[in-house]
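Worksheet for the structure shown next.
Read-outs throughout are calculated quantities, based only on the coordinates presented, and are distinct from any laboratory measurement. Nothing here was measured: the structure is a model prediction, and the numbers come from that model. Reconstructed Cβ throughout: ideal geometry from the backbone, glycine too, with neighbour counts over all protein chains shown.
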Amino acid sequence: MPSAPDQPHLLHIGDEVTGSFRCAECDLLVTSPLENDGVLVLPSCPLCHSEAWRRVG
Ligand SMILES: [Zn+2]
């Protein structure tokens with residue numbers, strides 16, 4: 001199966017999400033908090049400053 005250069009499942013900073021996500025560039029894991037109804041507003045990656053995340057699982 002060929003891998004598309006534009007991954008359709010990427011999310012971007014400012015998106016409100018729940019669950020766990022990994023940085024599309026460096027694989028850093030972020031998880032939505034238990035407070036605020038579990039909603040995470042995706043930040044830019046603190047390690048590599050990427051603006052794209054992909055859902056884990
Ligand atoms: Zn990163």
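Cβ-to-Cβ counts within 10 Å put VAL17, VAL41 in ascending order as VAL41, VAL17, the fewest first. Springs between Cα atoms under 10 Å define the GNM used for the chain, and in it the highest mean-square fluctuation of ASP27, ASP37, ASP15 occurs at ASP37. Mean sequence separation of contacting Cα pairs (under 8 Å, at least six apart), scaled by the length of the chain, corresponds to a relative contact order of 43 percent. Here the Karplus curve 6.51 cos²θ - 1.76 cosθ + 1.60, taken at θ = phi - 60°, turns the phi angles of the stretch 34-48 into couplings of 7, 7, 6, 6, x, 8, 10, 8, 4, x, 6, 4, x, 8, 10 Hz, with x standing for Gly and Pro. Here the chain was treated as a single set of alpha-carbon atoms; its pair distances binned every 5 Å from 0 give 5, 21, 30, 23, 13, 5, 2, 1 percent. Of the GluC sites (Glu not before Pro) found in the stretch 6-50, those in coil by DSSP whose Cβ has at most 14 other Cβ atoms within 10 Å are GLU25, GLU35.
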